[in-house]
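Scroll down for the structure; my scribbles are underneath it.
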Amino acid sequence: MPPVDVDIENPHKPVHETAIDIAPQKLSEREDQFYNKFDGVYPNINTDPETCKATEIKILSAARPHMRGFHSSWISFFLAFFCWFAIAPLLSTLRLPEEEGGLGISKQDIWTSSIVSVCGTIVMRIVLGPMCDKYGPRITMAIVLLAGAIPTGLTGLVNNATGLIIVRLFIGLIGSSFVMCQYWTTTMFTKEVAGTANAIVGGWGNCGGGAAQLIMGTALFPLFQSWMSTEDAWRSVCAVPAFLVIIWACALTFISDDSPKGNYSKLKTVGAMPEVSAAASMAGAAKNWNTWILFVQYGCCFGVELTMNNAAALYFNETLGQSVETSAAIASIFGFMNFFARGMGGYLSDKANQQLSMRGRLIVQIALMMLEGALIVVFSYITDLGSAIVVMTLFSIFVQACEGATYGIVPYVDPKNGGSVSGIVGAGGNVGAVIFGLIFRQTAEDTSAFRIMGVTVMVCSIMPLFIVIKGYKGLIWGEQADVDNLDISTHSRHRSPQFQSDKTKKKNAKKANASDHIAFVTALDDSIRRGKAQGNRLGGGKI
């Protein structure tokens, strides 16, 4: 709400009745801590008056800043995922002898390239967390997209296994865009809905993996083959996603905003946002035990998804005897489950939080991961195509729901260093993919690798038992803090009533009423200061 001029003796008296009429100054015109690009007015969505974050998600809206940031986030990650795995459905073709249009490389070479493609982004995910805290998600996202699109466009220059490994290493950097994806929605939405928001944008973005399998392997590659040789087709087709990502990255910086109050660069210039030390942010996140538990948890869900993006088409082609095109189409099912499954996990986490606070989120996390691991083991024993597709679809749903539930917990771990926590946890997904990729590389039978992966996931599913977040009761340790004792900068005042005492409820009611007057107090203070600057024109205590 923009400041208005007031009469000190009668604050509720309309401005036109005061002795001197001073034109109000919009928040977007301020050059101090009150600056707000949108004047604190968000007519298209309900927001928290203290943080300006949205308290609801309006999927069909693209209004700035909240829903524009929401859609910019998932579209960016979708295109990043598409680039990241554009070559995956073509790996069977690259294994063909050179006279048939391939490179004649081995299974071990293929898996080495797949491992480095997820390994290359581990460090970047950790680094980009504090970079988001410092520079905001908008510019950081655009830079990473451009950095990943260039090597994707150069895929056609590969001539041997070493070249493939090097190109996929640099393409893998684009996978770190996940950090900005999750940071963006955490910045735009309150924690009560951030779990769902994070899960939806992450899930829709992950659909890019399924889209890459389907569009590249089943549509574009056969289309290019109809015009040219097999070798020329796979060498040319990756230029398509690279071109699309470059165009989007350039447009992104102009059509979106870093936060509900505007872009970080402006907010820091006028003093509306403190400078952030990237090193201090990283150190704070790394010292938190819960960060590393979620690091392992994410490795056991997103790590499984990344492994399946590399393994699924090969498995259906080589183990179950399907063609390249059919295998790519079947493999795309795994990725497309992200359209709803990851969002479902975040939604279940948010709903459990309403009933049981943090304990509800942790219970959901354990249950989803336990079922995920069990279904992976079941999948490893299936030999007929129809049953394999059904079970793969089911375990895909639980993999992605678990991802959404994980990032329903992340915003609570250390809100002050949220970008760094998100980055470290996100890197866990890639570490998991590297470990599982090595298992597939070193195991003679893929079925054995699936069993090892499934058992590992089930064992790690119990780790949330040891999560203890300050102010929240865990499954074993910790105490639920009275809402008045929680830091208002890191905990919303809209906590579930069942966790509040009668005294607390009364105090919160007073706080709710008081918050309606925040804009008035700010306006009064502003008017007094401006009035003093015009002291020679004042009279009778009127401003």
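The values are calculated or read from the model by the stated rules, or taken from the named source; none is laboratory data. Quick caveat, the model's predicted, so the values are computed rather than measured. A quick note on method: Cβ atoms are made from the backbone with ideal geometry, for glycine too, and the neighbour counts reach across all protein chains shown. Calculation scope for accessible area: heavy atoms of the full protein, side chains included, ligands and nucleic acids excluded. Shrake-Rupley method; radii C 1.70, N 1.55, O 1.52, S 1.80 Å.
Which condition number does C250 fail, the rest of (1) at pLDDT 90 or above; (2) open to solvent by less than 40 Å² (accessible area, probe 1.4 Å) being met?
(2)
Go through the range 368-412 and give me each residue that's of a type in the set (D, E) and at pLDDT 95 or above.
The one that is of a type in the set (D, E) and at pLDDT 95 or above: E372.
Looking for whichever is in contact with an Asp or Glu (Cβ under 8 Å, 6 or more places away or on another chain) and assigned to a helix (DSSP H, G or I) here; the options are V364, V399. Which one fits?
One residue alone meets the criteria, V399.
Which ranges mark the helices (runs of 4 or more DSSP H) fully within the range 259-342 that have 2 or more residues being at pLDDT 85 or above and of a type in the set (K, R)?
Hits in the range 259-342: 264-269.
Which of (1) more than 18 Å from the chain's Cα centre (by Cα); (2) open to solvent by less than 10 Å² (accessible area, probe 1.4 Å) is the odd one out, the single condition G202 does not satisfy?
Among (1) more than 18 Å from the chain's Cα centre (by Cα); (2) open to solvent by less than 10 Å² (accessible area, probe 1.4 Å), G202 violates only (1).
Quick check on my filter: what residues within the range 108-121 are open to solvent by 10 Å² or more (accessible area, probe 1.4 Å) and either modelled with pLDDT under 85 or closer than 18 Å to Y264 by Cα (or both)?
Once the filter is applied, which keeps residues that are open to solvent by 10 Å² or more (accessible area, probe 1.4 Å) and either modelled with pLDDT under 85 or closer than 18 Å to Y264 by Cα (or both), the range 108-121 yields C119, G120.
Would a scan of the range 30-37 turn up a residue that is open to solvent by 10 Å² or more (accessible area, probe 1.4 Å), assigned to a helix (DSSP H, G or I) and either farther than 25 Å from V245 by Cβ or not basic (K, R) (or both)?
No: the range 30-37 contains no residue that is open to solvent by 10 Å² or more (accessible area, probe 1.4 Å), assigned to a helix (DSSP H, G or I) and either farther than 25 Å from V245 by Cβ or not basic (K, R) (or both).
If a residue has to be at positive phi and in contact with a Ser or Thr (Cβ under 9 Å, 6 or more places away or on another chain) to count, how many in the range 265-315 make the cut?
Adding up the residues that qualify gives 0.
Enumerate the pairs (first residue in the range 66-77 and under 13 Å from F189 (Cα atoms) and touching a residue at least 60 places away in the same chain (Cβ under 8 Å); second residue anywhere and open to solvent by 30 Å² or more (accessible area, probe 1.4 Å) and small (G, A, S)) with beta-carbon separation below 8 Å, excluding pairs fewer than 6 apart on the same chain, so at least 6 apart or on different chains.
As it stands, the answer is R68/A62, since those pairs meet every condition given.
Could you tell me which of the residues S73, S92, S113, S106 is among the hydroxyl-bearing types (S, T, Y) and touching a Lys or Arg at 6+ places or on another chain (Cβ under 7 Å)?
S113
Conditions tested, residue by residue: (1) under 28 Å from F395 (Cα atoms); (2) hydroxyl-bearing (S, T, Y); (3) modelled with pLDDT of 90 or more; (4) in a helix (DSSP H, G or I).
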| site | (1), (2), (3), (4) |
| --- | --- |
| G418 | no, no, no, yes |
| L438 | yes, no, yes, yes |
| A444 | yes, no, no, no |
| I476 | no, no, no, no |
| H494 | no, no, no, no |
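Just the residues that are open to solvent by 10 Å² or more (accessible area, probe 1.4 Å) and under 21 Å from the mean Cα position of the chain (by Cα), please, taken from the range 351-390.
Hits for the range 351-390 are K351, A352, N353, V364, I366, L368.
Starting from the range 318-338, keep only residues that are more than 15 Å from S387 (Cα to Cα) and among the charged types (D, E, K, R), then list their pairs with residues that are part of a helix (DSSP H, G or I) and modelled with pLDDT of 85 or more whose Cβ atoms are within a distance under 7 Å, requiring at least 6 positions of separation or different chains.
Listed pairs, sorted by first residue: E325/G217; E325/T218; E325/P222.
Can you name the helices (runs of 4 or more DSSP H) wholly within the range 122-198 that have at least 2 residues being in contact (Cβ under 8 Å) with a residue 60 or more places away in the chain and under 29 Å from Y347 (Cα atoms)?
Qualifying helices (runs of 4 or more DSSP H): 137-153, 177-188.
From the list I45, I105, which residue is farther than 30 Å from T269 by Cα, assigned to a loop (DSSP other than H, G, I, E, B) and in contact with a helix residue (DSSP H, G or I) (Cβ under 6 Å, 6 or more places away or on another chain)?
Being farther than 30 Å from T269 by Cα, assigned to a loop (DSSP other than H, G, I, E, B) and in contact with a helix residue (DSSP H, G or I) (Cβ under 6 Å, 6 or more places away or on another chain) holds for just one of I45, I105, which is I105.
What about P464, is it in contact (Cβ under 8 Å) with a residue 40 or more places away in the chain, of a type outside the set (D, E), surrounded by fewer than 19 Cβ atoms within 10 Å (Cβ to Cβ) and over 23 Å from F336 (Cα atoms)?
no
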